[in-house]
Amino acid sequence: MSDCWDVGIIGGGPAGYTAALYAARAGFSVLLLEKLAPGGQMATTDVIDNYPGFPEGVSGFDLADHMKRSAERFGAVTRLAEVQSVGLAGPVKEIVTRKETLRARAVVLATGASPRELGLPGERELRGRGVSYCATCDGMFFRGQSVCVVGGGNTAVADALYLSRLCARVTLIHRRDRLRASAVYAHALESAPNLEILWNTTVTSLEHDDVLTGVGLTRTDTGATRTLPCAALFVAVGHVPESGLFRGQVDLDPAGYVLADETTRTRLPGVFAVGDLRQKPLRQVVTAAADGAVAAHFIEEYLGA
Ligand SMILES: Cc1cc2nc3c(=O)[nH]c(=O)nc-3n(C[C@H](O)[C@H](O)[C@H](O)COP(=O)(O)OP(=O)(O)OC[C@H]3O[C@@H](n4cnc5c(N)ncnc54)[C@H](O)[C@@H]3O)c2cc1C
């Protein structure tokens, strides 16, 4: 065990483990800290169909295990501990858990982000059984069926358009009378014949047996309620980045995502931000993994290997 690790990684999702794999393979001592279980959001996903190299798809749990073992093969060490604070300025960074203070010459911030929930009864239980937070991930499972999307920003609209190419019918549910999404989507929305927008409407309940069967809707203007049958509800009301630990040390955007460019470098030398935590256009396993590889490349440059 090192007194000062070359690379400390906070978060054991695909971004963190890919950074660990590349950095360990480049010969650095690597410690990865994970507060729950290795794999991050990926480990809670039944089947991942869009990570290249798995023609039959792969269980999120298995992919997480493969990534962990790939990094450990080259000597990366996983420690299950929640990071409670960090000191990122200066050439030696401090990472504090309940039991110890660890030191590293470079740090990778890989704590991810979680999709914002609606907070409805049954929502957690129906996750993976009709309630989804990722159209790109789960849309294929509902090909030819009727689905709903809730939200009014760019993600909700992009999700609705994506689903309109796969599903028989898509209903976009928005609580206001206009979308927050950028105007570039207006024409595409008008020309999707199987896509309807319900304005001034919120989802107030989830109808289900074993799986989702429909959504309960309430008009925000009249209070009128009704049920809309559907096979899936795609929730696109934003994400919550896990960036609280780093606030005041690295730059965050207004939504709390860490500002780091395509090099994954933050404004602090030796501090890199990867995966869903970083401001970026597409949050997926493959883009998180790509960030991890890029970070290790620039860590090599930073540590002068
Ligand atoms: C339900 C669902 C289905 C999805 N399906 C797909 C799919 O089919 N295909 C696809 O490509 N993508 C899918 N995604 C998206 C994908 O899982 C994410 O884009 C990806 O996991 C992001 O990786 P990450 O490493 O950046 O962060 P995460 O996976 O969020 O991992 C971050 C890790 O950091 C840990 N952590 C946080 N704070 C601390 C702390 N203080 N101390 C220590 N550890 C900490 C967390 O416990 C977590 O393990 C899905 C996401 C969800 C929620």
Quickly run through region 125-145 and pick out the residues that are on the phi < 0 side of the Ramachandran plot and within 11 Å of the ligand (Cβ to nearest atom). Arg127, Val131, Ser132, Tyr133, Cys134, Ala135, Thr136, Cys137, Asp138, Gly139, Met140, Phe141
Failed condition for Val147, given (1) open to solvent by 70 Å² or more (accessible area, probe 1.4 Å); (2) among the hydrophobic types (A, V, I, L, M, F, W, C); (3) within 17 Å of Ala236 (Cβ to Cβ), with all others met? (1)
Looking at (1) open to solvent by 60 Å² or more (accessible area, probe 1.4 Å); (2) more than 7 Å from the ligand (Cβ to nearest atom); (3) within 26 Å of Thr136 (Cβ to Cβ), which one does Lys68 not meet, given that it meets all the others? (1)
Condition met for Leu109 (among the hydrophobic types (A, V, I, L, M, F, W, C) and either open to solvent by less than 40 Å² (accessible area, probe 1.4 Å) or within 24 Å of Cys167 (Cβ to Cβ) (or both)): yes
Would you confirm whether any residue within region 174-195 is β-branched (Val, Ile, Thr) and at pLDDT 95 or above? no
Just one of the numbered conditions (1) out of contact with any Lys or Arg (no Cβ under 9 Å at 6 or more places or on another chain); (2) more than 6 Å from the ligand (Cβ to nearest atom); (3) under 24 Å from Tyr133 (Cα atoms) is not true of Tyr17; which one? (1)
Here are some conditions: (1) among the acidic types (Asp, Glu); (2) within 16 Å of the ligand (Cβ to nearest atom); (3) without any contact (Cβ under 8 Å) to a residue 60 or more places away in the chain. Glu196 meets all but one. Which one does it not meet? (2)
Restricting attention to region 12-37, report how many residues are touching a helix residue (DSSP H, G or I) at 6+ places or on another chain (Cβ under 7 Å), at pLDDT 95 or above and either of a type outside the set (Phe, Trp, Tyr) or open to solvent by less than 10 Å² (accessible area, probe 1.4 Å) (or both). 15
Please go through region 174-204 and give me each residue that is β-branched (Val, Ile, Thr) and out of contact with any strand residue (DSSP E or B) (no Cβ under 6 Å at 6 or more places or on another chain), ordered by number. Val184
Tally of residues being of a type in the set (A, V, I, L, M) and near the ligand (Cβ under 7 Å from one of its atoms) across region 20-36: 2
Need pairs with beta-carbon distance below 9 Å; first residue at positive phi and within region 88-116, second modelled with pLDDT under 95; sequence gap 6+ or separate chains. Gly112/Gly40; Gly112/Gln41; Gly112/Arg283
The one condition Glu207 fails out of (1) free of Cβ contacts under 8 Å to residues at least 24 places away in the same chain; (2) out of contact with any strand residue (DSSP E or B) (no Cβ under 6 Å at 6 or more places or on another chain) is (2)
Quick check: anything in region 285-304 within 16 Å of the ligand (Cβ to nearest atom) and modelled with pLDDT under 95? no
Quick one: would you say Ser59 is over 23 Å from Gln279 (Cβ atoms), more than 13 Å from the ligand (Cβ to nearest atom) and open to solvent by 20 Å² or more (accessible area, probe 1.4 Å)? no
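The values are calculated or read from the model by the stated rules, or taken from the named source; none is laboratory data. Computed from a prediction, not measured in an experiment: that's the story for all the values here. Note that each Cβ is placed from the backbone with ideal geometry, even for glycine, and that neighbours are counted across all protein chains shown. These area figures cover heavy atoms from the full protein model, side chains too; ligands, DNA and RNA do not enter into them. Shrake-Rupley method; radii C 1.70, N 1.55, O 1.52, S 1.80 Å.
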